[in-house]
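Visitor: The structure under discussion is supplied below as structure tokens; questions concerning it will follow.
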């Protein structure tokens, strides 16, 4: 049966909050709304671009995080990696604030499930879990306090999209891990009249099915670990391709390089040519993701951080030193071809080298532009270096 024929009765569905609605969060929210869920967010301090996107997606906008604590059953954190901990702290602080002023309910309130779906390291996931454990202990004796259940999560793939021809959704892989599954939310724990109609599924089981969730383990950090290891290959390869293609373009050899890749490694050729063009609007988020990968491989695998700190710098340069850093999905003007991406990157790298050279000269006036390889080659010979 096509997905469009499987919409649920929204009178019996809990509300899902998405923090904050970027491209991925908005896509997931639109899919949930298609199935009948109420999707909410909180937009205080967000950019006009984000506010417009959330309103266009018809998300309900709460005035405060305390409203999310009061009204929602699930909170999805889908933010740039660098904001993962601060976003969790926001919800933790709101839970304490809400419990301090709320009237104690007749029955203990249902738990609030916090799904961290960010591209962060297992260590970051465990730190956030510890934060919520501390909040739960703090609120244990407050009858209005809601227990927060932390679920480690990760997303692999692009945002959900509805195929208008067959009514089915393309969905990314959403992986979760942790000791408690969503099916334990017990939305109807104290009131059998609010059970889902014509189904024996708990509301959490329904949400898992709608999202296409894959559980990868019962430990916090396992879902994040899969994401880190996967992204190290895909986005790491993209970073390598960016350096390779940009250097080839500077040498006037981009086309011969692409021809060789297409002939010898067609699958890699197809992947990197597409990835380079799709990358610009995401570069700012990938900086933090590469840093999280560096931490993961160091803390969990024992490797040096050098490789992925270097890939982080590739994406940082794109975001901060080129016009590509201003690109946003749906509003693209530059970098829509490999040739344009590499042209802009070559210009950005030139400006970056000049900036670093000026900084080095300011510190050490004796610093010169002498080519060390040329100096080595001519060492001991009575040949003047070409200027």
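We did not get these values from a lab; they are worked out from the coordinates using the rules stated. Not measured: the values here are computed from a predicted model. Backbone-built Cβ (ideal geometry, glycine too); neighbour counts: all protein chains shown.
Visitor: Which angle from 0 to 90°, rounded to the nearest 10, does the C-alpha axis of helix 283-299 make with the longest principal axis of the chain?
Guide: Roughly 90 degrees, rounded to the nearest 10.
Visitor: Please work out the C-alpha center-to-center distance from segment 16-57 to segment 77-142 and express it in whole Å.
Guide: So the separation of the two Cα centres works out to 20 Å.
Visitor: Which value at 222 nm does the chain reach when only helices count, each DSSP H run of 4 or more adding -39,500 (n - 2.57), with the total divided by all residues and rounded to the nearest 500 deg cm²/dmol?
Guide: Numbers: 13 runs with 191 residues, N = 387.
Taken over the chain, the calculation gives -16000 deg cm²/dmol.
Visitor: Could you give me D for segment 1-130, from Stokes-Einstein at 20 °C and 1.002 mPa s, where the hydrodynamic radius is the Kirkwood radius over C-alpha pairs? Units µm² s⁻¹, please.
Guide: In µm²/s, the coefficient is 138.
Visitor: Enter the angle in degrees (range 0 to 90, nearest 10) between the Cα long axis of helix 222-250 and the first principal axis of the Cα atoms of the chain, meaning the one along which they spread out most.
Guide: 30 degrees
Visitor: Using all C-alpha to C-alpha distances in segment 50-97, build P(r) with 10 Å bins and read off the rounded percent in each one.
Guide: Result, from short to long distances: 23, 51, 26, 0 percent.
Visitor: Suppose the chain between residue 240 and residue 336 were pulled fully straight at 0.36 nm per residue; how much longer would it get relative to their current alpha carbon spacing?
Guide: Values: separation 96, 0.36 × 96 = 34.56 nm, distance 1.89 nm.
Answer, rounded to one decimal: 32.7 nm.
Visitor: Rounded to the nearest 5, what is the percent of antiparallel bridges among the DSSP beta bridges in the chain?
Guide: Percentage antiparallel, nearest 5: 25.
Visitor: What percent does the relative contact order of segment 205-285 come to when contacts are Cα pairs within less than 8 Å and at least six residues apart?
Guide: 20 percent
Visitor: Going by alpha carbons, how many degrees (0 to 90, nearest 10) lie between the helix axis of 254-264 and the longest principal axis of the chain?
Guide: That works out to roughly 70 degrees.
Visitor: Oh, and also: With a Cα-only, solvent-free Debye model of segment 225-359, what are the log10 I(q)/I(0) values at q = 0.21, 0.22 Å⁻¹?
Guide: Values, matching the q order: -1.27, -1.33.
Visitor: Using a Förster distance of 22 Å, how high is the FRET efficiency between residue 304 and residue 82, based on the Cβ-Cβ distance and rounded to 0.05?
Guide: Numbers: r = 22 Å, r/R0 = 0.99.
My answer for the efficiency is 0.50.
Visitor: With a point put 7 Å past each Cα toward its Cβ, work out how far residue 107 is from residue 378 in nm, to one decimal.
Guide: 8.5 nm
Visitor: Oh, and also: Relative contact order for segment 225-359: what percent, with Cα pairs under 8 Å and sequence separation of 6 or more? Each step should come with its number before you reach the end.
Guide: Working: 132 pairs, mean separation 37.2, N = 135.
Dividing the mean separation by the residue count of segment 225-359 yields 28 percent.
Visitor: Any chance you could list P(r) for the chain, counting all Cα-Cα pairs in 20 angstrom bins from zero, rounded to whole %?
Guide: The calculated distribution, bin by bin, is 24, 50, 20, 5, 0.
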